[in-house]
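A short write-up of the structure that comes next.
The values are calculated or read from the model by the stated rules, or taken from the named source; none is laboratory data. Just so it is clear, the model here is predicted, and its values are computed rather than measured. In case anyone asks, the SASA skips ligands and DNA or RNA and just uses the protein heavy atoms, side chains included. Shrake-Rupley method; radii C 1.70, N 1.55, O 1.52, S 1.80 Å.
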Amino acid sequence: MLPDLQVISFANYRSHQGGDLLGAGAAQARAGFGGTIAPTLKLTLEGLTTSVGPITTDLRAAARS
């Protein structure tokens, strides 16, 4: 997590068919290993409530400047 509450993460496993690898066998899970950057998310803090959402175009522009 960055100081501006953006969350950058990495996905180690990906499913080519969109299926859930949680119940996959070892060989199938290894075949899906390769990693890719995951979408950047934005945390929002309001009192005792926290929410996670996609980063907006406005936030991307502000991050570049």
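Numerical summary
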{"read-out": "Any chance Ser65 is polar (S, T, N, Q) and modelled with pLDDT of 75 or more", "value": "no"}
{"read-out": "Among residues of the stretch 13-40, those that are assigned to a strand (DSSP E or B) and open to solvent by 60 Å² or more (accessible area, probe 1.4 Å), counted", "value": "4"}
{"read-out": "Residue in the stretch 41-53 that is under 18 Å from the mean Cα position of the chain (by Cα) and modelled with pLDDT under 80 present", "value": "no"}
